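All of the numbers you see were taken from the coordinates with simple rules; none came from a lab. The model shown is predicted, which means the values in this text are computed figures rather than measured ones. In this analysis, Cβ positions are derived from the backbone assuming ideal geometry, glycine residues included, and neighbour counts consider all displayed protein chains.
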Amino acid sequence: MTYLSPTPNKKTDISQIVALADAEDKLSDGDTTKASRREDTVVKKEINYLEVNDPSIKLITSIQYKDSAKTSLYNFFESLAAVLVEDKSIRILHYGDSQIEGDRITDYLRQKLQTHFGGKGPGIVAAMPVTQCVGLRQTYSDNWDRYNIFTMKDSRVKHSDYGVAAGFCRFANYTDTNTVKNAWLKIKTTNAAGERFAAYSKVQLFYAAPRKKTQIQFYENDVLKKTDTLSTKGNFNITQFNLTQAPNTFEIKFEGKDSPDIYGLNLEGNDGGVMVDNFGLRGSSGTFFNQLNLQHLKLFYDYLNVKLIILQFGGNTIPNILDDKMAANFGEFLRAQINSIRKIAPNISILVIGPADMSIKEEDTYVTHPQLENVRNAIRLAAFQTNCAFFDMYDCMGGKNSMVSWVDQGIAATDYIHFSPAGARKIAVLLYSALMNDYNNFIKKKNKSL
């Protein structure tokens, strides 16, 4: 009887994967000032095609491409090489579901890339984060609310201008513009996520104009630094505040009869480099881009100088997939989203990350969801059909029934779906290695042709 003799969980040996991820992590350069070489090369005003000399670059799973030319990420790699001699930053946008919320996976990519190529700060953060990220403690008055489109369109919103993160925040509803409201946002920054993370020197407020005059006050370490009035025109506005210390605490106070739609706060340095934004969209399947005002989204992509978009979805879709036809249909939906991005940003490189292993319970044992590989295959096909690169996270984990082993080792949650923080770190290490391996191969090829 099964309750007396339970069937053991089917497991995949992940010991080599974990050991390599741990070894690479220990070889990390840390959050040092290695990117100071940027100042040495900037005077040359020409691209010096340098490889990333990082001992932690060892492969478990390679990035996949539609053909042997492997050119899907070349535009990004070219921009990454050039950032050492440019005055402005380049941008990587990491869109994903709850696997990446709280800056998980993204934080490691940011730390490593900023160490090698320069850049300071975490990038764009929401006024009301769903999950706090390491290095920031965000608080806000209790009259704020979120308005999102990434799971379904918010019925309170009569437009499609949701911004770069597919959502915004307000401190007043759309119906009351007669009474004066007060609100505040406060961010405390620490060194917990690394020195470069905390060393940002400006705060940019991205917003759509309120219908009534709204005044703001900016405080740095409780000292009033700036008073301003927000624009009452346009759906893409930026107000900037410059900082004098890092790390620090800053606060923005609002007063007005209407709230702006606040798309986010950009925390960035002034000396260029690489910015990596984390957009963890809990509950999303990634099929929202074609519901956005694409011309509005283009304003963000152009201003931020976006060079790479990472799309990491699938986990919220798999439980609803019953057969291979439904999996293929999801692939078609995803392809439509990528094509929407391509319409406004044809030169931005896109890296699609497949879903992690996900287990379901069969009697008294956990096994890989029967449709996971079909969904993974459909996502990969959509990536190749739209000239994107593809990273197979399922394979990187160890493939079929690997999630059970990750849970057993304490690097995935007992829901058999999500990574623990330690597990997310291991995936990030292996993803970074795959990305930088291909960057180095691009540099070698480039240098041969010069």
How long are the semi-axes of the equivalent ellipsoid of segment 295-414, taking √(5λ) for every eigenvalue λ of the Cα gyration tensor, in whole Å from largest down? 31, 16, 11
For the pair GLN295 and ASP145, the simple spin-label estimate (label points 7 Å beyond Cα toward Cβ) gives in nm 2.9
What do you get for Rg/Rh of the chain when both radii come from the Cα atoms and Rh is the Kirkwood radius? 0.98
Sequence-distant lysines (8 or more away, or on other chains) whose Cα lies within less than 19 Å of LYS446: LYS44, LYS45, LYS70, LYS307
Working only with C-alpha atoms, what are the Rg and Dmax values of segment 367-430, expressed in angstrom? 12.8, 37
Rounded to the nearest 10 degrees, what's the angle between the helix 324-344 long axis and the longest principal axis of the chain, both from Cα atoms, 0 to 90? 40
Size of segment 124-270 as Cα extents on the principal axes (Å, biggest first): 42, 34, 27
Stretch LYS445-ASN320 to full length: gain in nm at 0.36 nm per residue minus the Cα-Cα span? 40.6 nm
How far, in nm, would the chain grow between LYS213 and ASN305 when pulled straight, counting 0.36 nm per residue and subtracting the alpha carbon separation? 30.1 nm
With each pseudo-label sitting 7 Å past Cα toward Cβ, what's the ASP67-SER231 distance in nm, one decimal? 4.3
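Can you give the alpha-carbon Rg of segment 234-366 over 2.2 N^0.38 Å, where N counts its residues?
1.39
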Given the Cα-Cα distance of VAL130 and ALA192 and 0.36 nm per residue of separation, how much length would full extension add, in nm? 20.4 nm
Going down the table (LYS188/LYS400; LYS58/LYS202; LYS120/LYS444; LYS112/LYS233; LYS186/LYS257), which pairs top 31 Å between alpha carbons? LYS188/LYS400; LYS58/LYS202; LYS112/LYS233
Relative to the longest principal axis of the C-alpha atoms of the chain, give the angle of the C-alpha long axis of helix 294-304, reported between 0 and 90° and rounded to the nearest 10°. 80
Cα gyration tensor shape of segment 401-450, rounded if a/c is under 1.5, else prolate or oblate by comparing a/b with b/c: prolate
For segment 79-162, the fraction of alpha-carbon pairs in successive 10 Å shells from zero, as %: 13, 38, 31, 16, 2
In nanometres, what is the gap between the two model label sites at TYR74 and ASN178, each 7 Å from Cα along Cα-to-Cβ? 6.3
Given a Förster distance of 35 Å, report the FRET efficiency between ASN53 and ALA336 from their Cβ-Cβ distance, rounded to the nearest 0.05. 0.30
Where N is the number of residues in segment 203-307, Cα Rg divided by 2.2 N^0.38 Å: 1.20
Which residue, HIS94, HIS296, HIS159, tops the fluctuation ranking in a GNM of the chain built on C-alpha contacts under 10 Å? HIS159
With the chain treated as a Gaussian network of Cα nodes joined by springs under 10 Å, which of GLY283, GLY121, GLY398 yields the largest mean-square fluctuation? GLY283
